[in-house]
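Presented below is the structure to which this report refers.
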Amino acid sequence: MTSAQRLTFEDYLNFDNGSDQRFELVDGELRELPPESELNDWIALALRDLFIQIIHRRLVRLHTCEVQVPVLKPGDPANRFPDVVVLRPEHLEQTKRRLTITFDALPPKLVVKVVSPGDRNRDRDYERKRQQYAARGISEYWLVDPQTRAIVVLQLERNGYIEVGRFQESEPIQSPELGSLTITANQIMATDRLDEDA
């Protein structure tokens, strides 16, 4: 493939450069994704550990599960890699060859983004991803924001996401997909301090 070629999503799915590197497909070109930050990765791991107490562990995936999303404006990627994805049982069969939820599969039940620092990243996480995930039909989107120490839970309605709540400190998180949880923002956010990790 030459750099001048524009890839279709099918081309992208068949692309293999022999590495585990993650790419987004943007305007027909592959864009290499940087590694996750230590803090974002650790918060995602902590959330996975909390989720698998109520969800079968095989249905909770971190960083490597990609979701095909609609391109709503130029510059939008055709795929996203949420920090945490809660799969449906039928996804296990559909993703045997590749851990990609394409348009021919139901959307994941829930996706989570640990918000990255910086205005550009915050805009991407709060606005662009929100719009793409809503257009993809993902019923619930969580934003875990280390800067504000809050968890924002969004539920899909007909015209996009509405905010279910902004949960902080010891307030139990309410999830339309998962029900009432005993998970709190403190449990998730405490993972950024080694003195609280037992």
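The values are calculated or read from the model by the stated rules, or taken from the named source; none is laboratory data. Computed from a predicted model, the values in this text were never measured in an experiment. Don't worry about glycine lacking a Cβ; one is built from the backbone with ideal geometry, like all the others, and counts go over all protein chains shown. With ligands, DNA and RNA removed, areas are computed over all heavy atoms of the protein, side chains included. Shrake-Rupley method; radii C 1.70, N 1.55, O 1.52, S 1.80 Å.
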For this session: Identify the single condition in (1) over 24 Å from Val71 (Cβ atoms); (2) in contact with a strand residue (DSSP E or B) (Cβ under 9 Å, 6 or more places away or on another chain) that Gln147 does not satisfy, given that it satisfies every other one.
Result: (2)
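What do you reckon, is Arg193 exposed (fewer than 14 other Cβ atoms within 10 Å of the Cβ) and at pLDDT below 90?
Values: exposed (fewer than 14 other Cβ atoms within 10 Å of the Cβ): yes; at pLDDT below 90: yes.
The answer is yes for Arg193.
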Seminar exercise, completed: In segment 94-106, anything basic (Lys, Arg) and open to solvent by less than 80 Å² (accessible area, probe 1.4 Å) is listed as Arg98
Exercise. Just a yes or no: is a residue in segment 39-48 free of Cβ contacts under 8 Å to residues at least 24 places away in the same chain, open to solvent by 60 Å² or more (accessible area, probe 1.4 Å), out of contact with any Ser or Thr (no Cβ under 6 Å at 6 or more places or on another chain) and of a type in the set (D, E, K, R)?
Worked result: no
Problem set entry | Residue, nearest to Arg6 (Cα to Cα), within segment 66-79, restricted to residues that are open to solvent by 10 Å² or more (accessible area, probe 1.4 Å) and aliphatic (A, V, I, L, M) | Ala78
For this session: Can you run down the residue pairs with Cβ atoms below 6 Å, 6 or more apart or on separate chains, where the first is in segment 168-184 and within 17 Å of Ile43 (Cα to Cα) and the partner is β-branched (Val, Ile, Thr) and not in a strand (DSSP E or B)?
Result: none
Seminar exercise, completed: Scanning segment 49-83 for residues that are of a type in the set (Lys, Arg) and in contact (Cβ under 8 Å) with a residue 12 or more places away in the chain, the one farthest from Glu29 (Cα to Cα) turns out to be Arg58
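A quick yes/no check of all residues on (1) closer than 22 Å to Asp123 by Cα; (2) over 12 Å from the mean Cα position of the chain (by Cα); (3) hydroxyl-bearing (Ser, Thr, Tyr):
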position	(1), (2), (3)
Arg22	yes, yes, no
Leu25	yes, yes, no
Gly28	no, yes, no
Phe51	no, yes, no
Arg57	no, yes, no
Arg61	no, no, no
Phe81	yes, no, no
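Against the condition modelled with pLDDT of 95 or more, open to solvent by less than 80 Å² (accessible area, probe 1.4 Å), under 20 Å from Ala134 (Cβ atoms) and touching a Cys at 6+ places or on another chain (Cβ under 9 Å), how does Pro82 come out, does it pass?
yes
Looking at Val115, Val144, which is the one that is without any contact (Cβ under 8 Å) to a residue 60 or more places away in the chain, within 15 Å of Asp83 (Cβ to Cβ) and crowded, with 20+ Cβ neighbours inside 10 Å?
Val115
So in segment 21-35, with the set limited to residues that are over 26 Å from Leu106 (Cβ atoms) and touching a residue at least 40 places away in the same chain (Cβ under 8 Å), which one is least open to solvent (accessible area, probe 1.4 Å)?
My answer is Asp27.
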Exercise. Given His63, His91, which one is buried (at least 21 other Cβ atoms within 10 Å of the Cβ), out of contact with any His (no Cβ under 8 Å at 6 or more places or on another chain) and not acidic (Asp, Glu)?
Worked result: His91
